[in-house]
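The values are calculated or read from the model by the stated rules, or taken from the named source; none is laboratory data. Keep in mind that what you see is a predicted model, and the values were worked out from it rather than measured. In this analysis, Cβ positions are derived from the backbone assuming ideal geometry, glycine residues included, and neighbour counts consider all displayed protein chains.
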């Protein structure tokens, strides 16, 4: 029957109401042949982890522009682990200062992408980490 | 088998993983479904279909909220299977039905799964029936199945669900649309959503008219004399016939949902009292077996014919050396038609 498709949850945690970037990424991943579950604005880390579990995704992409990434991202990582989904790769896009990028990566984030990141790079990174894992 | 036991015990991660296996057609998933099948049959399967933008996801969200807290009743466990289309070009998909279901988040009694159609026509995915079985075995009482936004002939849902809701909105078409064959015919319940919009009266009239043509209550005789059909057939006519009710809703505000749920329950009772329930179960399972057979026969045949022979047959078609039917006969005769 069908082959295994890469499934990615694209979520917007936090309170900023701007999801153009998230939609561009969702569309780009779709065009790369992935199945993207898009959950919309203002998701709590709990909602994201729950959706990731029910949808059995391979990766989670978080779009954060509010500056709250150091609070939100580690919480999502913790909840994923608590649910037994430690293999799910987490990617973060948005406006993230350099010193936080290293911290997020140390916490287990697979990739951080600032404004202007080529979507092809994000696609390649997701594919590499998911199929290599 | 561990996966089976975990699914039966209510492990949500195990259920999520099983659904992925069912979708990708893994042998492990097939075996798990085989083991789970005796545990199915308890769920009530409710299909929701309609054109894109009619509010199917919002309606599913409201129905799920209702079944979680039915006025004066016990909460039911609810699973939702939301199907969205895959791109025919890249195979990718954006599955966005959860956007309208955020109110269900955080409720352990609800499980939502998005599914891409992966090239299946008919409004569902090939794995939809298997996914529904997984939910059923996992003990979900109500299984809501939301199809791809459908046009006129995506009617597979009626072969999967016990009760099919067809969602329409004011302003989509005139009364000729309503008498066309296809999607309206499969409705057990017609939902007129966005009923706060202008045009709701004429939309309901068009649907009413269509229902009256299908289920005449009066027969017109010579010289305009009418005769009551129910009376002509005797008093029992009403009991063994279901005439789809039309329910007005405003899903975004939760209006009309209690009444809609009452109609769904009415339909369930009708199916049980008329003996139709068993008939539908049989037809549902027959349909699933036939779909599986088609797939198996096709892949068995594919594995026996060489790509070169197949290509040669296609070339012969393009050159008009043989007709499609002759090609099929030749391919079947030479390669496994009787194996």
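Taken together, the residues in segment A:1-38 that are closer than 22 Å to residue B:118 by Cβ and surrounded by 19 or more Cβ atoms within 10 Å (Cβ to Cβ) amount to 16.
A residue that is in contact with a helix residue (DSSP H, G or I) (Cβ under 9 Å, 6 or more places away or on another chain) and either within 17 Å of residue B:48 (Cβ to Cβ) or part of a strand (DSSP E or B) (or both) occurs nowhere in segment B:269-277.
In segment B:258-281, the condition of being more than 19 Å from residue B:157 (Cβ to Cβ), surrounded by 11 or more Cβ atoms within 10 Å (Cβ to Cβ), in contact with a strand residue (DSSP E or B) (Cβ under 8 Å, 6 or more places away or on another chain) and not assigned by TED's automatic domain parsing to the domain that holds residue B:33 is met by at least one residue. Restricting B:140, B:67 to those that are buried (at least 17 other Cβ atoms within 10 Å of the Cβ), at pLDDT 95 or above, more than 15 Å from the chain's Cα centre (by Cα) and in a helix (DSSP H, G or I) reduces the list to B:67. Out of all the residues in segment B:26-48, is one or more at the interface with chain A (Cβ under 9 Å from one of its Cβ atoms) and over 17 Å from the mean Cα position of the chain (by Cα)? Yes. Restricted to segment A:1-111, the set of helices (runs of 4 or more DSSP H) holding at least 3 residues that are closer than 25 Å to residue B:81 by Cα and within 11 Å of chain B (Cβ to nearest Cβ) comprises A:20-31, A:45-55. Within the set of pairs 6+ apart or on separate chains, which have a first residue in segment B:268-284 that is on the phi > 0 side of the Ramachandran plot, a second that is outside any helix (DSSP H, G or I), and C-beta atoms under 9 Å apart? Pairs that qualify, where the first residue is on the phi > 0 side of the Ramachandran plot and the partner is outside any helix (DSSP H, G or I), are B:275/B:240. Scanning segment B:15-45 for residues being outside any loop (DSSP other than H, G, I, E, B) and either free of Cβ contacts under 8 Å to residues at least 12 places away in the same chain or more than 17 Å from residue B:77 (Cα to Cα) (or both) gives a total of 20. If only residues of segment B:89-101 that are within 17 Å of residue B:62 (Cα to Cα) and within 7 Å of chain A (Cβ to nearest Cβ) are counted, the one that is farthest from the chain's Cα centre (by Cα) is B:99.
Here is a yes/no grid of residues against (1) touching a strand residue (DSSP E or B) at 6+ places or on another chain (Cβ under 6 Å); (2) at pLDDT 90 or above; (3) in a loop (DSSP other than H, G, I, E, B):
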{"position": "B:166", "(1), (2), (3)": "yes, yes, no"}
{"position": "B:172", "(1), (2), (3)": "no, no, yes"}
{"position": "B:202", "(1), (2), (3)": "no, no, no"}
{"position": "B:223", "(1), (2), (3)": "no, no, no"}
{"position": "B:237", "(1), (2), (3)": "no, no, no"}
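One residue stands out among those in segment B:102-116 that are more than 7 Å from chain A (Cβ to nearest Cβ) and touching a strand residue (DSSP E or B) at 6+ places or on another chain (Cβ under 6 Å): the one that is farthest from residue B:66 (Cα to Cα), which is B:115.
Report yes if residue B:77 is out of contact with any helix residue (DSSP H, G or I) (no Cβ under 8 Å at 6 or more places or on another chain), within 14 Å of another protein chain (Cβ to nearest Cβ) and within 28 Å of residue B:267 (Cβ to Cβ), otherwise no. The answer is yes for residue B:77. Just one of the listed residues (A:87, A:4, A:12) is under 28 Å from residue B:125 (Cα atoms) and at pLDDT below 90, namely A:4.
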